[in-house]
Amino acid sequence: MADFLIQHVNVNVDDLDRAVAFYRDVLGLPLDATPDQGFRSQFFRIGERQQIHMNEIADSHQFRGHFCLVVPDFAAVFLRAKAANAIDTAPWGRVRRLPSGTMQMFVRDPAGNKVCALHRLP
């Protein structure tokens, strides 16, 4: 069986400038080259071959639906997310250490999308 990879995750937001600031400044994701798509958008780089595609298109959001990022510095992301009042414990509970030892938290971006953050595993 061939290995599968996620090439990108699409996130719709209602205010691109505010969302870009959150993903760049709170989560720490680097911006990536973004083609003209006929609407406002921004791509973010995840590793060598993956991206988040962000489009300024108002949409509804699930309560528990999310995507998860392994972040290089969990403590730094936690502090920035806390300062931004972005940590959301309602759907999945508090920031916690999983039985595997991995730290996990869930945040909401300014448009209401849920993002899980895990610390980088050794």
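Here are some residues: S41, S60. Which one is farther than 21 Å from H119 by Cα, of a type in the set (G, A, S) and modelled with pLDDT of 95 or more?
One residue alone meets the criteria, S41.
How many of the residues making up the stretch 68-81 are loosely packed, with under 14 Cβ neighbours inside 10 Å and assigned to a strand (DSSP E or B)?
1
Restricting to the stretch 104-120, and then to whatever is touching a helix residue (DSSP H, G or I) at 6+ places or on another chain (Cβ under 8 Å) and within 19 Å of I46 (Cβ to Cβ), can you tell me which residue is most open to solvent (accessible area, probe 1.4 Å)?
Per the criteria, the residue is R120.
If I go through the stretch 93-109 residue by residue, how many of them are closer than 27 Å to A19 by Cα and without any contact (Cβ under 8 Å) to a residue 60 or more places away in the chain?
Number satisfying all stated conditions: 10.
Name the residues in the stretch 82-122 that are more than 11 Å from the chain's Cα centre (by Cα), among the charged types (D, E, K, R) and in a loop (DSSP other than H, G, I, E, B), would you?
D88, R94, R120
Just the residues that are within 20 Å of M54 (Cα to Cα), modelled with pLDDT of 95 or more and of a type in the set (G, A, S), please, taken from the stretch 76-116.
A81, A84, A86
From the list D32, D59, D88, which one is out of contact with any Pro (no Cβ under 6 Å at 6 or more places or on another chain), surrounded by fewer than 14 Cβ atoms within 10 Å (Cβ to Cβ) and among the acidic types (D, E)?
Answer to the check: D59.
The values are calculated or read from the model by the stated rules, or taken from the named source; none is laboratory data. Everything numeric in this text was worked out from a predicted model, so none of it was measured. No Cβ is skipped: glycine too gets one built from the backbone with ideal geometry, and neighbour counts run over all protein chains shown. Remember, those area values only see protein heavy atoms, side chains included, never the ligands or the DNA or RNA. Shrake-Rupley method; radii C 1.70, N 1.55, O 1.52, S 1.80 Å.
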